[in-house]
Structure formats: structure tokens, C-alpha cells
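The values are calculated or read from the model by the stated rules, or taken from the named source; none is laboratory data. Nothing here was measured: the structure is a model prediction, and the numbers come from that model. All Cβ positions, even for glycine, are placed from backbone atoms using ideal geometry, and neighbour counts span all protein chains on display. Ligands, DNA and RNA are excluded from the accessible area calculation, which covers all protein heavy atoms including side chains. Shrake-Rupley method; radii C 1.70, N 1.55, O 1.52, S 1.80 Å.
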Amino acid sequence: MSEPLGGAAPRGAAPGPDGLLRCAGALGTTDYTAYHDQEWGQPVRSDAGIFERLSLEAFQSGLSWLTILRKRENFRAAFGGFDPQTVAGFGPADEARLLADAGIVRNRAKISAVIGNARAALDVPGGLAALVWRYADSPGPAPVTLADVPASTPASQACARELRKLGFSFVGPVTVYAALQACGVVDDHLVGCFRRGVGTRSVSD
């Protein structure tokens, strides 16, 4: 969710209609608010869950995150629930089906990358989730405003390099950092946000 929570504007946590303080940008639409409150920053520990976040962040590149969020269920249906084993078995007919699916982002390079990444994920020693969680840094100072939230970090740069060595594509350090945020590997909820520091429940998918 790099788009609503990222950027250089020095905005801090802001109250929503219910009076709770939330990260700046999380109040833009009900879609953002629900995603922020219920999911963003919650620990994701499954390979499929990590694979989904990496895939969605790759599709988001160059687009609005809101576009991806509103198409998310379509993406899940089109990509077999983002089960790496299922997606790894996709062939030319599946690529043609995906390119004809108006419910997702029909970008040939990104579709091919997700299929290739699924195949690469199956060969990750110990699993994709274990690899990504190795890049959980010791918590640093909590961001106070959006200007304090980085686009990438040394950890995301190193993770991106490892993923690329294993055959992944569309996994640059910015895309990877957005996935680390989404999966709770880092906690970038702003100071004052009611979700800050409460990402202790692992999300199963």
C-alpha cells in the first residue's frame, strides 16, 4: 500500500470519522481504510500470502494502488488464489486467458513475471515466506509523518537481489519494500496510528 501511505508530504496520523487516528492517506476511500485497518502491516507467514503480495505490488508498478485493491478478488480468481503450485503450472492457454481478462491488469510482461515467479518460488530453499522474513530488521524509530517512510531500505535492496538471483522478476527494492510493509515484516504505521505496534496476529493467506 505504498501509494496511500507513501510520498513526501509531511502528514502525520489523522482522525477518521470514528475518532481513531490512522496513517495519513488511509482515509482517502473506504477501500483504503478497510485495507489499512484489517490487513496492512499484519504478519503474513504463508508462501502463498507472500507470493500474492509480491505479485500485487508488481502489478501496481506504475498504477494506482486503489486500482489493484479494487481488482484484488478478480486477481485471486484469475491466478488460482495465488497458490504458487497452481500458478507455476500455467501455460500458454492460461497466459492468453489472463490477457483477455478485463478484471485484472492485462500487462503481458507482468503476467509472465508472476507465472515465472511462481515457478521460482517453488524452488526457494525453505520456502518463500522464510526467505522474506529473514529480512525483518530490528525496529527503528517509528515514522511520524509520511516523509519519514522510505521508498526502500538496505534490507529490501538485499532481499530484491536475492530474489532476482533465484529467478524472480519485477522485484525491485521499492516493490519488495512495499511487500515487506504489507506483510508486516516492517511496521510503518505512523506514530499515533491505532494500528501501530499491534501487528501480532499472523494472517494466514
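Remark: the range 1-153 carries 44 Å² of accessible area per residue (probe radius 1.4 Å; ligands, DNA and RNA excluded).
If R0 equals 30 Å, the separation of the Cβ atoms of Glu95 and Gln157 corresponds to a calculated FRET efficiency of about 0.50. Net charge of the neighbourhood of Val87, taken over other residues with C-beta under 12 Å away and scored Lys/Arg +1, Asp/Glu -1, is -3. With a ≥ b ≥ c taken as the square roots of the eigenvalues of the C-alpha gyration tensor of the chain, please select rounded if a/c is under 1.5 and otherwise prolate if a/b is larger than b/c or oblate if it is not? Prolate, because a/c is 1.5 or more and a/b exceeds b/c.
Take Val185: with every protein chain present and a 1.4 Å probe, its accessible area is about 10 Å². Answer rounded, prolate or oblate for the range 18-74, using the Cα gyration tensor with square roots of eigenvalues a ≥ b ≥ c: rounded when a/c is under 1.5, else prolate when a/b is larger than b/c, else oblate. It comes out oblate by the Cα gyration axes. Here each label is just a point 7 Å from Cα along the line to Cβ, and for Thr30 and Ala142 those points are 2.9 nm apart. Relative to the longest principal axis of the Cα atoms of the chain, the long axis of helix 108-122 makes an angle of roughly 90 degrees.
Around the Cα centre of the chain, unit charges on the Cβ atoms of Lys, Arg, Asp and Glu (plus for the first two, minus for the last two) sum to a dipole of about 260 debye. Compared with the dominant Cα axis of the chain, that is its longest principal axis, helix 154-165 is turned about 0°. Quick check: from the Cα gyration tensor, does the range 37-120 come out rounded (a/c under 1.5), prolate or oblate? Oblate, because a/c is 1.5 or more while a/b does not exceed b/c.
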